[in-house]
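The values are calculated or read from the model by the stated rules, or taken from the named source; none is laboratory data. Source: prediction; values computed, not measured. So basically every Cβ, Gly included, is an ideal-geometry build from the backbone, and we count neighbours across all protein chains shown. What goes into the accessible areas is simple: the full protein's heavy atoms, side chains included, and nothing from ligands, DNA or RNA. Shrake-Rupley method; radii C 1.70, N 1.55, O 1.52, S 1.80 Å.
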Amino acid sequence: MATILFVTLLVLLVINVPIAVALGLSVVVAFVLEGNMPLLVIIQKMFSGTDSFPLMAIPFFLLAGKLMETGGISARLIKFANTVVGTMPGGLAIVAVIGCTFFAAISGSSAATTAAVGGILIPHMVKKGYDVRFSASLHAAGGTIGVMIPPSVPLVLYGVAASTSINDLFIAGIGPGILVAISLAIYAIWISKKNGWGGGEKHTVAEVWQAFKDAILAILMPVIILGGIYGGIFTSTEAAVVAVVYGLIVGLFIYKEIKWKDLGSIFTSAATLTAAIMLIIATANAFGYLMTRENIPQGIAQFMLGITDSVVVTMLIINIFLLIMGTFMETSVIIILLTPILLPVILALGIDPVLFGVIMVVNSAIGMLTPPVGINLLVAGKIAKLPNTAIERAVIPFLIIMIVDLMLITYVPEISMFLVNLGK
């Protein structure tokens, strides 16, 4: 049955069948050819895969991201950052990284971060003399912070798939997110100084103060959400609802950039994205049931552990495998499909599942910068009106930087686990 399952899935993926449909059909084919299992089991497993309270955080965080994207919060954050560092050499590049980091702590989505910040800053950077390919690739790379800095939808998915504390995962994601942000900012400053990008008249203290006052509600949002989670006031799922309510109040009644007529399209967009993710979760759970029934994860674990008994080498193999998967699989698919397969391996190696969750998410984030599925490249390229080949070449330095960061996160666990261990 295992051979039938994977061969069918591979064929369906090769002919470009959507991943959710491919997962479901491969399970149906395996059940039918097995002949002694009722198809009703598939429906039961699909339902049980989505019948999880923590998964309720996904639609609310997605909706909160849409509200932030259209409610003026990202624009105010960027304006404040620009008044502080925007006029120094490479200043707008630093603003881009800061903007992506702040918006990541609001939206929890990589593509949303790239679109929200890049839509504002890429045209502005080009007008100020920055190379358009550099500007677009910087925002594509900066957008990946959206799945590292909490609240992160992929971290929620991993927490459910691995039965791991989502709160601990959120805390563990802070260090890697900051590491990537600092790495990107250092490179951006260096390349900007080398090419003479940025610089100009500095803003007065009064202008900085005014921009801060305009952005204070936007700055407070991640403080309220993350402070509430880590302070034990509410769970990560409840925090998602708080984010939606906060975003509605700020966007509708304070900033007034969201109109009542806009709510229909905002809710529809979030619901459509939620439905796509939940369908993948449902069919992947049925797929995972068959894998578990056939002892496939355990077999893979024994095979990988049989290659070498070195934790360093095994983790290197896993990272290479995940990076390859990230080139043609979406983040949610990688996490939902591969977590049950790789979890027995990392547990046998004695690696904390919280740390491994962060490693998986960082790997999948890098996949957002690699064709053909690199969604951040597509979003940034569309904003900058660049052909795919141009932005794919320009993003290579950022890929190298993030792979180095990935190795640090993998082999220096304290980057992720320091805050988690501090709170215990």
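Scan the range 364-381 and give yes if some residue there is in contact (Cβ under 8 Å) with a residue 40 or more places away in the chain, touching a Pro at 6+ places or on another chain (Cβ under 9 Å), within 17 Å of S135 (Cα to Cα) and not aromatic (F, W, Y), otherwise no.
Checking the range 364-381: at least one residue is in contact (Cβ under 8 Å) with a residue 40 or more places away in the chain, touching a Pro at 6+ places or on another chain (Cβ under 9 Å), within 17 Å of S135 (Cα to Cα) and not aromatic (F, W, Y).
Can you find a residue that is assigned to a loop (DSSP other than H, G, I, E, B) and open to solvent by 20 Å² or more (accessible area, probe 1.4 Å) anywhere in the range 236-244?
No, the range 236-244 contains no residue that is assigned to a loop (DSSP other than H, G, I, E, B) and open to solvent by 20 Å² or more (accessible area, probe 1.4 Å).
Would a scan of the range 334-356 turn up a residue that is out of contact with any Pro (no Cβ under 9 Å at 6 or more places or on another chain), open to solvent by less than 20 Å² (accessible area, probe 1.4 Å), closer than 15 Å to M148 by Cα and at pLDDT 90 or above?
The answer is yes, given that some residue of the range 334-356 is out of contact with any Pro (no Cβ under 9 Å at 6 or more places or on another chain), open to solvent by less than 20 Å² (accessible area, probe 1.4 Å), closer than 15 Å to M148 by Cα and at pLDDT 90 or above.
List the pairs whose first member sits in the range 316-329 and is within 11 Å of G367 (Cα to Cα), whose second member is open to solvent by 40 Å² or more (accessible area, probe 1.4 Å), and whose Cβ atoms are under 6 Å apart, counting only residues at least 6 apart or on separate chains?
What qualifies is F328/V373.
Under the condition of being touching a strand residue (DSSP E or B) at 6+ places or on another chain (Cβ under 8 Å) and open to solvent by less than 10 Å² (accessible area, probe 1.4 Å), which residue from the range 87-122 is nearest to L369 (Cα to Cα)?
Out of the qualifying residues, it is A93.
Restricting to the range 393-408, give me the number of residues that are over 17 Å from the mean Cα position of the chain (by Cα) and open to solvent by less than 60 Å² (accessible area, probe 1.4 Å).
5
I'd like to check something: does the range 112-134 contain any residue that is within 16 Å of the chain's Cα centre (by Cα), under 25 Å from L355 (Cβ atoms) and at pLDDT 85 or above?
no
Are any of the residues in the range 64-72 hydroxyl-bearing (S, T, Y) and surrounded by fewer than 24 Cβ atoms within 10 Å (Cβ to Cβ)?
yes
The conditions are (1) crowded, with 21+ Cβ neighbours inside 10 Å; (2) within 19 Å of G173 (Cα to Cα), and Y411 fails exactly one of them. Which is it?
So Y411 meets the others, but not (1).
Could you please give the count of residues in the range 382-424 that are under 14 Å from F134 (Cβ atoms), in a helix (DSSP H, G or I) and of a type in the set (V, I, T)?
4
Scanning the range 366-381 for residues that are more than 20 Å from L121 (Cβ to Cβ) and either among the hydroxyl-bearing types (S, T, Y) or assigned to a helix (DSSP H, G or I) (or both), which turns out most open to solvent (accessible area, probe 1.4 Å)?
T370
Look at D262 and say whether it is over 21 Å from the mean Cα position of the chain (by Cα) and free of Cβ contacts under 8 Å to residues at least 24 places away in the same chain.
It is false that D262 is over 21 Å from the mean Cα position of the chain (by Cα) and free of Cβ contacts under 8 Å to residues at least 24 places away in the same chain.
If a residue counts only when it is closer than 24 Å to I191 by Cβ, which helices (runs of 4 or more DSSP H) contained entirely in the range 59-177 have at least 2 such residues?
Where helices (runs of 4 or more DSSP H) fall fully within the range 59-177 and carry at least 2 residues being closer than 24 Å to I191 by Cβ, they are 73-85, 91-107, 110-127, 132-143.
Given (1) in contact (Cβ under 8 Å) with a residue 24 or more places away in the chain; (2) open to solvent by 30 Å² or more (accessible area, probe 1.4 Å); (3) closer than 19 Å to A104 by Cα; (4) not small (G, A, S), where does I216 come up short, assuming only one miss?
For I216, the failing item is (1).
Among the numbered criteria (1) open to solvent by 30 Å² or more (accessible area, probe 1.4 Å); (2) in a helix (DSSP H, G or I); (3) under 29 Å from M221 (Cβ atoms), which one does I280 miss?
Just one mismatch for I280, condition (1).
Taking A301 as meeting all but one of (1) among the hydrophobic types (A, V, I, L, M, F, W, C); (2) assigned to a helix (DSSP H, G or I); (3) at pLDDT 80 or above, write down the number of the exception.
Against the list (1) among the hydrophobic types (A, V, I, L, M, F, W, C); (2) assigned to a helix (DSSP H, G or I); (3) at pLDDT 80 or above, A301 comes up short only on (3).
Can you go through L10, L23, L5 and tell me which one is surrounded by 21 or more Cβ atoms within 10 Å (Cβ to Cβ) and within 27 Å of the chain's Cα centre (by Cα)?
One residue alone meets the criteria, L23.
Somewhere in the range 273-284, is a residue without any contact (Cβ under 8 Å) to a residue 40 or more places away in the chain, aliphatic (A, V, I, L, M) and under 22 Å from T8 (Cα atoms)?
Scanning the range 273-284, I find no residue that is without any contact (Cβ under 8 Å) to a residue 40 or more places away in the chain, aliphatic (A, V, I, L, M) and under 22 Å from T8 (Cα atoms), so the answer is no.
Condition check ((1) over 13 Å from P54 (Cβ atoms); (2) open to solvent by 10 Å² or more (accessible area, probe 1.4 Å); (3) without any contact (Cβ under 8 Å) to a residue 12 or more places away in the chain; (4) out of contact with any His (no Cβ under 7 Å at 6 or more places or on another chain)) across all residues:
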position: V132; (1), (2), (3), (4): yes, yes, no, yes
position: A136; (1), (2), (3), (4): yes, no, no, yes
position: G146; (1), (2), (3), (4): yes, no, no, yes
position: P150; (1), (2), (3), (4): yes, no, no, yes
position: V156; (1), (2), (3), (4): no, no, no, yes
position: V160; (1), (2), (3), (4): no, yes, no, yes
position: I166; (1), (2), (3), (4): no, yes, no, yes
position: L169; (1), (2), (3), (4): no, no, no, yes
position: G173; (1), (2), (3), (4): yes, no, no, yes
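Yes or no: the range 38-55 includes at least one residue that is surrounded by fewer than 22 Cβ atoms within 10 Å (Cβ to Cβ), hydrophobic (A, V, I, L, M, F, W, C), at pLDDT below 85 and in a helix (DSSP H, G or I).
Yes, because at least one residue in the range 38-55 is surrounded by fewer than 22 Cβ atoms within 10 Å (Cβ to Cβ), hydrophobic (A, V, I, L, M, F, W, C), at pLDDT below 85 and in a helix (DSSP H, G or I).
Any residue in the range 212-220 that is at pLDDT 85 or above and either of a type in the set (S, T, Y) or touching an Asp or Glu at 6+ places or on another chain (Cβ under 8 Å) (or both)?
no
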